Amino acid sequence: MSPGDEDRDGHEEEEGSRGRTLAVVALVAAAALIGYVLLFGGDEYEVTANFENASQLVEGAEVALAGKPVGSVKSVELAPDNTALVTFAVDEDLAPLPQGTQARVNPPSLSSVAGNQVELTLPPESSEKDPIDDGGRIEQVDTIANVDIDEVFNTLDDRTVRNLKKVIKGFEISYDGVGEQAN
């Protein structure tokens, strides 16, 4: 074996050792980055909306914009003034919401019996509004609570309820036997 062969072998061992060291350092750096994202970087953008009532809204309910799901309800709490405080998160690409964003509690479809969603309406793009900070609030002036039909009927006096029942029965009688034609 010549002296040049010893240098080559030593150099190859040194390069192999350096490559292993770089691989270990890269692996540790990747693990640290993943740990950081999981612990600190994964925070969601959340906003709390103040509604007159939460109207069958539950934790985990959908938050939608133009009918497309964009987030979820994190909590529904009772405020000191007996209104509902609904905290929800929206997708990162929608954050931050602009001031003037309206939030409405409504059923996701006409056939939905229980469970509502929060539907967001953004202000026009031409109205340059300041953003709502993470953890910020949509005040009651910019929220609309769904009104259940039972609540409307509960406001009627007994005489009006009796007369309304007669009207409904009248509809039944007028469509008796001609339902197919009416359809």
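The values are calculated or read from the model by the stated rules, or taken from the named source; none is laboratory data. None of these values were measured; they are calculated from a predicted model. Because the Cβ atoms are built from the backbone with ideal geometry, glycine has one as well, and the counts that use them run over all protein chains shown. These accessible areas exclude ligands, DNA and RNA; they are computed on the full protein's heavy atoms, side chains included. Shrake-Rupley method; radii C 1.70, N 1.55, O 1.52, S 1.80 Å.
Kindly establish whether residue 164 is hydrophobic (A, V, I, L, M, F, W, C), open to solvent by less than 90 Å² (accessible area, probe 1.4 Å), in contact (Cβ under 8 Å) with a residue 12 or more places away in the chain and over 16 Å from residue 48 (Cβ atoms). Reasoning before the result, please.
Numbers: hydrophobic (A, V, I, L, M, F, W, C): yes; open to solvent by less than 90 Å² (accessible area, probe 1.4 Å): yes; in contact (Cβ under 8 Å) with a residue 12 or more places away in the chain: no; over 16 Å from residue 48 (Cβ atoms): yes.
No; evaluated as a whole, the condition is false for this residue.
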Problem - Sole residue being modelled with pLDDT of 80 or more and under 21 Å from residue 47 (Cβ atoms), chosen from 143, 155 - result: 143
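Listed here are the residues, each with its yes/no results for (1) at pLDDT below 90; (2) farther than 15 Å from residue 46 by Cα; (3) open to solvent by less than 40 Å² (accessible area, probe 1.4 Å).
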{"site": "106", "(1), (2), (3)": "yes, yes, yes"}
{"site": "122", "(1), (2), (3)": "no, yes, no"}
{"site": "129", "(1), (2), (3)": "yes, yes, no"}
{"site": "133", "(1), (2), (3)": "no, no, no"}
Handout entry: Failed condition for residue 177, given (1) free of Cβ contacts under 8 Å to residues at least 40 places away in the same chain; (2) closer than 24 Å to residue 57 by Cα
Key = (2)
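Taking the conditions exactly as written (among the aliphatic types (A, V, I, L, M), open to solvent by 70 Å² or more (accessible area, probe 1.4 Å), in contact (Cβ under 8 Å) with a residue 24 or more places away in the chain and touching a strand residue (DSSP E or B) at 6+ places or on another chain (Cβ under 9 Å)), does residue 58 satisfy them or not?
Details: among the aliphatic types (A, V, I, L, M): yes; open to solvent by 70 Å² or more (accessible area, probe 1.4 Å): yes; in contact (Cβ under 8 Å) with a residue 24 or more places away in the chain: yes; touching a strand residue (DSSP E or B) at 6+ places or on another chain (Cβ under 9 Å): yes.
When the stated conditions are applied, residue 58 passes them.
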Handout entry: Of all residues in the stretch 135-161 being free of Cβ contacts under 8 Å to residues at least 24 places away in the same chain and hydroxyl-bearing (Ser, Thr, Tyr), the one that is surrounded by the most Cβ atoms within 10 Å (Cβ to Cβ)
Key = 160
Practice task
Report yes if residue 90 is over 16 Å from residue 51 (Cβ atoms), surrounded by 15 or more Cβ atoms within 10 Å (Cβ to Cβ) and in contact with a helix residue (DSSP H, G or I) (Cβ under 7 Å, 6 or more places away or on another chain), otherwise no.
Solution key: no
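Answer yes or no: is there a residue in the stretch 140-160 that is over 28 Å from residue 108 (Cα atoms) and either among the aliphatic types (A, V, I, L, M) or part of a loop (DSSP other than H, G, I, E, B) (or both).
Start the filter on the stretch 140-160 by keeping residues that are over 28 Å from residue 108 (Cα atoms), which leaves 157-160.
So of that shortlist, the ones also either among the aliphatic types (A, V, I, L, M) or part of a loop (DSSP other than H, G, I, E, B) (or both) come out as 157.
Taking every residue of the stretch 140-160 in turn, at least one turns out to be over 28 Å from residue 108 (Cα atoms) and either among the aliphatic types (A, V, I, L, M) or part of a loop (DSSP other than H, G, I, E, B) (or both).
Of the residues 63, 76, only one is assigned to a strand (DSSP E or B), among the aliphatic types (A, V, I, L, M) and open to solvent by less than 40 Å² (accessible area, probe 1.4 Å); which?
63
If I go through the stretch 81-102 residue by residue, how many of them are without any contact (Cβ under 8 Å) to a residue 24 or more places away in the chain and more than 13 Å from the chain's Cα centre (by Cα)? Even if it seems obvious, please write down each step before you answer.
At the first step, the residues of the stretch 81-102 found to be without any contact (Cβ under 8 Å) to a residue 24 or more places away in the chain are 81-82, 91, 93.
Narrowing further to those that are more than 13 Å from the chain's Cα centre (by Cα): 81-82.
Going through the stretch 81-102 one residue at a time, the tally reaches 2.
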